[in-house]
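Trainee: Quick one: the structure is below, and I'll ask about it shortly.
Bear in mind these aren't lab numbers, they're just calculated from the coordinates by the rules spelled out. Since this is a predicted model, take the numbers as computed values, not measurements. Neighbour counts are summed over all protein chains in view; Cβ atoms, including those assigned to glycine, are modelled from backbone coordinates with ideal geometry.
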Protein chains: 2
Amino acid sequence: MRGFARRTTVDAALAWVDGQCQRLPSEQVSVWQAAGRVLARDVVSGVSVPGFSRSMMDGFAVQAADTLGASAYSGLELQFIGQSLPGQPFDGTVGRGQAVRIMTGAPLPAGADAVVPAERAELRETRVAVLDAVSPGKNVGQAGEDVLPGATVLRAGRPLRPQDSGLLSSIGLPEMAVVRRPRVRIIITGNELLAAGTPPQGDRITDANGPMLKALVERDGGIARLRSLPLALEEDWREGVLNSAESHSALDYLVPDEPAAILAAMREDAEVVLVSGGSSVGQEDHAPLLLAQHGNLAIHGIAMRPSSPAGMGRLGGKIVFLLPGNPVSCLCAYDFFAARAIRLLGGRSAEWPYRCERLPLQRKLVSQVGRVDYARVRRVEGKAEPIAISGASILSSTTTADGFIVVPADSEGYAAGAEVNVWQY
Amino acid sequence: MRGFARRTTVDAALAWVDGQCQRLPSEQVSVWQAAGRVLARDVVSGVSVPGFSRSMMDGFAVQAADTLGASAYSGLELQFIGQSLPGQPFDGTVGRGQAVRIMTGAPLPAGADAVVPAERAELRETRVAVLDAVSPGKNVGQAGEDVLPGATVLRAGRPLRPQDSGLLSSIGLPEMAVVRRPRVRIIITGNELLAAGTPPQGDRITDANGPMLKALVERDGGIARLRSLPLALEEDWREGVLNSAESHSALDYLVPDEPAAILAAMREDAEVVLVSGGSSVGQEDHAPLLLAQHGNLAIHGIAMRPSSPAGMGRLGGKIVFLLPGNPVSCLCAYDFFAARAIRLLGGRSAEWPYRCERLPLQRKLVSQVGRVDYARVRRVEGKAEPIAISGASILSSTTTADGFIVVPADSEGYAAGAEVNVWQY
């Protein structure tokens, strides 16, 4: 029951994380599932989009030279010879003095080089009166104007937007290589805990970290696992909390504070392990010792508040994060270190997914040199108001907060009115 | 084959959308599935969190009065009578002159009113030397300090954060009422289209809007449906594009450009219908006529570029959006109108999910008074550079762009150097 001999700086811990996290290998996903994933390889188009010249308007495909001098006052008459619809092109050739009715997106017939818009022409039985001159190429989309064959349409490392999946679809790809999502085993320990879904009673509290970490991991592109079950069964279990006739305790995911149970869970198949609870140096803090004995406890104790009793290391191929059980500490340590690892493994930016806003501080915020502080703030009348409650166990301080401020290790804090970066939850 | 007689302003179309969209009723979800959903009702806690006073440190539970005068130079000795661990509280009472070893989070034993941190005390067999005085309440978390019974912990309308699901779990809720996700039937029409997953060939292009709209709908919290199948089968189908032995065409979701087929799809069970393609006033544009005949075509033709041939209306209980088939128009009309409807129905903010940044324009951007322009821009050296290609069919203009500018209807455009709002994709 001793404190930490020495605390690692936040910067050193971040550098350790960065050194451990190489982008995972790729997997193939369908174009329907691509948005939100990270592209693993450059995509080069094998085709032209469109593969043919087409009309950009509803109107008449003509030879532009035939429209010279046409105006609303002196319409020129062309011979109407047929129509071109999307998917049903005109078979013949547009000769001098001829016109083909054409719809937006339909292939431009052979011989034609421009389209007169419908509003500038009139169909009169077998003749088309053209009321405006058009130049060659007018209202025509050229083959390949969207994508040329051989063009790199999207580069490796790109988080795919909705329109990217549209573009990938348009070049005919049924599937593409994206970075695999890191599998994250969430281990919730603590003999005082009751499973989520159970009312707290007596000397027991209900687990908050399990549902919170699951949501955080998914936000960062990881696959969250709380039980040693096949993923489909785990999903059934989580859905089933609602309808199951079984009691919640029968479906319990909590791991007892016993070294063998924790070690077994840490050894399950995953790229990242999060252990919530028992991360410090007390007699019930098994995870750091297990990691030191069976793997490598690289960092234990960090110069920050909250989350100072956090740690990290490796066990076989896995990166293990030891997160304090207090929920604010757990959230903070997750966001600083574990989120970064999950995002980097998944090929994403190390940056927080929070918007950052510059706001003046509503009142003084005191910190301690040598320590990074994570201070929850509310946004009140355009100012950032620090939330008075600083306890690492007060999860409601993160739900009443609009965001947080990070006070760096070299700062004694900020004066009232100072402009600070507020990271918005 | 005539143009629109009159175009509705963007503001009027937005007002129409707002008037149609009431928040959907609620459904219950498990606390594991709550994050990202929108709370439908205020949540009032029925319990205290924590339900008992507990230690905030590893140390010794004592009567504070017994530590008066203790210091590193003159330790005071107390009788060691047992321990309190999380989930395994001390059974007895701490009397004058006594101390109980206690772990962070463990219940404070009866009689004790403070905790001496482990670093400020030494256990010597049956005695505890206390090296520091503590005041009453020191290092003790009081019952209810996180949540009090009867407190409203979260309010209706809140999009739930990861930590919110932790807080909801901590008060013992297995499930909660959230706003139902709107079901969105995506109807992709166009005889020139091949299904996603098929290489484009000849006079046919491969559908881009299906995968794009599916991703957009999911981004906005809707449930996207592309086929008239039960949802599970639809998901199997989308996953199955990858592994299925069947040809993609056999699994085709495209709806033929035939009034009966389009009407049948529009009548399927959903809150929102998106029809991609055939939205204009040409002979193959069936959807506006169908909506006018069988429901209400409220708006058709909008004073904007691209997307002017967009429309919207109602069919029975559904809100129907007619989106142009050109993919940039489709994206733009979706983002302006359909996204707003889906977000409002789902209880979300009408605001775009794009970050907005003020940037100077790299060069002049010309627009037309009376029309809203949606201009794609690249971010080059801290400036917004309009992308030269303005064609509504050039989807790659939205993938090479970093975002877009909206030029309002009363503006002729912006001069080079003008500061503009850039919405970041």
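Trainee: Please report, for B:A5, the nm distances (one decimal) from its label point, 7 Å out from Cα along the beta-carbon direction, to the equivalent points in the remaining copies, shortest first.
Mentor: 8.7
Trainee: Would you please give the FRET efficiency between A:L14 and A:E412, computed as 1/(1 + (r/R0)^6) with r the Cβ-Cβ distance and R0 = 25 Å, to the nearest 0.05?
Mentor: Rounded to the nearest 0.05, the efficiency is 0.70.
Trainee: Using the C-alpha gyration tensor of the range B:54-140, what are the square roots of 5 times its eigenvalues, in whole angstrom, with the largest one first?
Mentor: 18, 12, 11
Trainee: Right, next: What list of ³J(HN,Hα) values in whole Hz, one per residue of the range A:295-309 in order, does the Karplus curve 6.51 cos²θ - 1.76 cosθ + 1.60 (θ = phi - 60°) give from phi, with Gly and Pro shown as x?
Mentor: With coefficients 6.51, -1.76 and 1.60, one gets x, 9, 8, 6, 9, 8, x, 10, 6, 8, 9, x, 6, 4, x Hz.
Trainee: Expressed in nm to one decimal, what extension gain is obtained for the pair B:E27 and B:R6 from 0.36 nm per residue of sequence separation less their Cα-Cα distance?
Mentor: So the extension gain works out to 3.4 nm.
Trainee: Hey, another quick one. Where Lys and Arg each count +1 and Asp and Glu each count -1, what net charge lies around B:Q98 among other residues with Cβ under 14 Å from its Cβ?
Mentor: Around B:Q98, the charge tally is -1.
Trainee: Is the range A:355-424 best put as rounded, prolate or oblate by its Cα gyration tensor, with a ≥ b ≥ c the root eigenvalues, rounded for a/c under 1.5, and otherwise prolate when a/b is larger than b/c, oblate when not?
Mentor: oblate
Trainee: Would you mind telling me which residue in B:A224, B:A70, B:A298 has the biggest mean-square fluctuation in a Gaussian network model of chain B, where springs connect alpha carbons within a distance under 10 angstrom?
Mentor: Its mean-square fluctuation being the largest, the pick is B:A70.
Trainee: When each copy gets a label point 7 Å from Cα toward the beta-carbon at A:G137, what are the spacings between them in nm, shortest first?
Mentor: Those separations, rounded to one decimal, come out as 7.9 nm.
Trainee: Rank B:P162, A:S53, B:A129 by how far each Cα sits towards the positive end of the charge dipole of the protein assembly as shown (+1 on Lys, Arg Cβ; -1 on Asp, Glu Cβ) and give me just the farthest.
Mentor: Looking along the dipole axis, the top candidate is B:A129.
Trainee: Another question about this same structure. Work out Dmax and Rg for chain B from the C-alpha atoms and quote the Rg first, both in angstrom.
Mentor: 31.5, 99
Trainee: Further, regarding this structure: Net charge near A:K383: determine it from the other residues with C-beta under 15 Å of the C-beta of A:K383, scoring Lys and Arg +1 and Asp and Glu -1.
Mentor: Surrounding charge for A:K383 is +1.
Trainee: Sticking with this one: Using the Kirkwood formula over every pair of different C-alpha atoms, what hydrodynamic radius in Å results for the protein assembly as shown?
Mentor: Hydrodynamic radius (Kirkwood, Cα only) of the protein assembly as shown equals 30.1 Å.
Trainee: Axis carrying B onto A: which residue of B has the nearest Cβ, and how far, whole Å?
Mentor: It is B:R355, 3, counting Cβ atoms only.
Trainee: For the range A:355-424, what is the charge dipole size about the Cα centre, in debye to the nearest 20, if Lys and Arg each add +1 at the Cβ and Asp and Glu each add -1 at the Cβ?
Mentor: For this selection, approximately 140 debye.
Trainee: Taking H as built 1.01 Å from N, whose amide H comes closer than 5 Å to the amide H of A:R378, not counting residues under 5 places away?
Mentor: Sorted by chain and number, the residues that satisfy this are A:E385, A:I387, A:D402.
Trainee: Follow-up. Once the label point is placed 7 Å from Cα along Cβ, list for A:T400 the distances to the corresponding points in the other copies, in nm, shortest first.
Mentor: Spelled out, the distances from A:T400's label point are 5.2 nm.
Trainee: Mean projection of the alpha-carbon convex hull of the range A:122-187 over all orientations, in nm²?
Mentor: 9.6 nm²
Trainee: For the range A:274-374, what does the alpha-carbon gyration tensor say about shape, rounded, prolate or oblate, given a ≥ b ≥ c as the root eigenvalues, a/c under 1.5 as rounded, and a/b over b/c as prolate?
Mentor: Verdict is oblate for the range A:274-374.
Trainee: With point charges of +1 on the Cβ of Lys and Arg and -1 on the Cβ of Asp and Glu, referenced to the Cα centre of chain A, which listed residue (A:A339, A:G19, A:L108) lies farthest in the positive direction of the dipole?
Mentor: Value computed over the given set: A:G19.
Trainee: In the neighborhood of A:V366, defined by Cβ-to-Cβ distances under 13 Å, what is the net charge if each Lys or Arg adds +1 and each Asp or Glu adds -1?
Mentor: +2
Trainee: Taking one equal scatterer on every alpha-carbon of the range A:319-363, how large is log10 of I(q)/I(0) by Debye at q = 0.16 1/Å?
Mentor: Ignoring solvent entirely, the Cα scatterers give -0.56.
Trainee: Starting from the Cα of A:E125, step 7 Å along the direction of its Cβ; do the same at B:E119; then give the gap between the two resulting points in nm.
Mentor: If labels sit at A:E125 and B:E119, their model points lie 10.2 nm apart.
Trainee: Once amide H atoms are built 1.01 Å from N in the peptide plane, which residues 5 or more positions from A:I102, or in another chain, come under 5 Å H to H?
Mentor: For A:I102, the qualifying residues are A:G59, A:F60, A:A61, A:S84.
Trainee: To continue, here is another question. State, to one decimal in nm, how far the label point of B:T93 lies from the label point of B:A72, with both points 7 Å from Cα in the Cβ direction.
Mentor: Reported label-point gap for B:T93 and B:A72 is 3.7 nm.
Trainee: Just check the range A:275-320 against the gyration tensor rule for me: Cα atoms, a ≥ b ≥ c as the square roots of the eigenvalues, rounded for a/c under 1.5, and otherwise prolate or oblate depending on whether a/b exceeds b/c.
Mentor: Oblate.
Trainee: Also: Just to verify a number: FRET efficiency for A:L289 and A:A350, C-beta to C-beta distance, R0 = 25 Å, to 0.05?
Mentor: Working from the Cβ atoms, E equals 0.25.
Trainee: For every helix of n ≥ 4 consecutive DSSP H residues, a contribution of -39,500 (n - 2.57) applies; sum these over chain A, divide by its total residues, and give [θ] at 222 nm rounded to the nearest 500 deg cm²/dmol.
Mentor: It lands at -5000 deg cm²/dmol.
Trainee: Ok, one more. Taking H placed 1.01 Å from N in the peptide plane, check which residues at least 5 places from A:V320 or on another chain put their amide H under 5 Å from its amide H.
Mentor: The list, which skips near neighbours in sequence, is A:V273, A:G313, A:R314, A:L315.
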